[in-house]
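Below is one structure; the comments refer to it alone.
Rule-based calculations on the coordinates, nothing more; no lab input. Keep in mind it's a predicted model, so treat the numbers as computed, not measured. Cβ coordinates were reconstructed from backbone atoms using ideal geometry, including for glycine residues, and neighbour counts include every protein chain displayed.
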Amino acid sequence: VRCLAWHPHCTRLALATRDDRIRIFSNGIQGVAVLRHSGQKSVCSMSWRPNAGRELAAACATGVLVWTIELGAASNSLSHAILLRQRNHAPVTSVAWHPQGDTLVSCSPNDFNMIVWDVAKEAGVPLKRVGGGGLCFTKWSLCGSKLLAATCRTVF
């Protein structure tokens with residue numbers, strides 16, 4: 001297991017494994033959805049979109065994959081993903097949805113900026129961080145008014 005993410009509003013678990021697959025376990029649904037994509041390498045962070053039970057962002061070596069997941073019998077063939085990429089923003093090591101679910105943020109140790117994604121437009125805007133160094137981890141506060149950005153060093 002590389003990482004996991006519990007859905008914030010329902011009994012659903014995403015589990016990323018070393019074989020570059022994401023498995024979705026959901027209460028009350030028979031079977032396990034298995035998500036695969038050619039850009040889905042070295043998943044190290046995942047985040048469920050709040051207020052949307054079927055969208056999952058995954059931090060990958062090549063960028064950010066945003067999955068729309070269909071659950072049930074034909075789930076594997078109906079689920080689809082978009083790959084969000086920006087120059088010098090790989091590998092992506094952390095993704096975090098804003099608590100309202102309207103904004104996705106990602107970070108990379110090779111980029112001094114976080115990227116704020118408009119997923120519907122498949123476009124990202126760099127958000128400069130005060131101080132130097134690439135970023136390894138990002139997390140929104142529960143109210144969504146603050147965003148933590150941590151470097152890969154001992155000082156965040």
Treating the beta-carbon of each Lys and Arg as +1 and of each Asp and Glu as -1, no other charges, what is the dipole magnitude of the stretch 3-151 about its Cα centre, to the nearest 20 debye? 200 debye
Among Gln86, Gln100, Gln30, which one shows the highest mean-square fluctuation when the chain is modelled as a Gaussian network with alpha-carbon springs under 10 Å? Gln30
Using Stokes-Einstein with the Kirkwood hydrodynamic radius over Cα pairs, what translational diffusion coefficient do you get for the stretch 66-129 at 10 °C and a viscosity of 1.306 mPa s, in µm²/s rounded to a whole number? 123 µm²/s
Phi-based couplings in Hz for the stretch 97-113 (Karplus 6.51, -1.76, 1.60; Gly and Pro marked x): 7, 4, x, 7, x, 9, 9, 10, 10, 9, 9, 9, x, 9, 10, 6, 9
Relative contact order computed over the chain (Cα-Cα under 8 Å; 6+ residues apart), in percent: 14 percent
Within a Gaussian network of the chain (alpha carbon springs, distance under 10 Å), most fluctuating of Ala120, Ala59, Ala33: Ala120
Which one, Leu127, Leu104, Leu15, has the greatest fluctuation when you compute a Gaussian network model over the chain with C-alpha springs under 10 angstrom? Leu127
Using a Förster radius of 22 Å, what is the FRET efficiency between Thr68 and Lys121 based on their Cβ-Cβ separation? Nearest 0.05, please. 0.90
If the viscosity is 1.002 mPa s and the temperature 20 °C, what Stokes-Einstein diffusion coefficient in µm²/s follows for the stretch 3-151 when Rh is the Kirkwood radius over Cα pairs? 140 µm²/s
The cysteines in the chain that find no other cysteine Cβ closer than 4.7 Å to their own Cβ are Cys3, Cys10, Cys44, Cys60, Cys107, Cys143
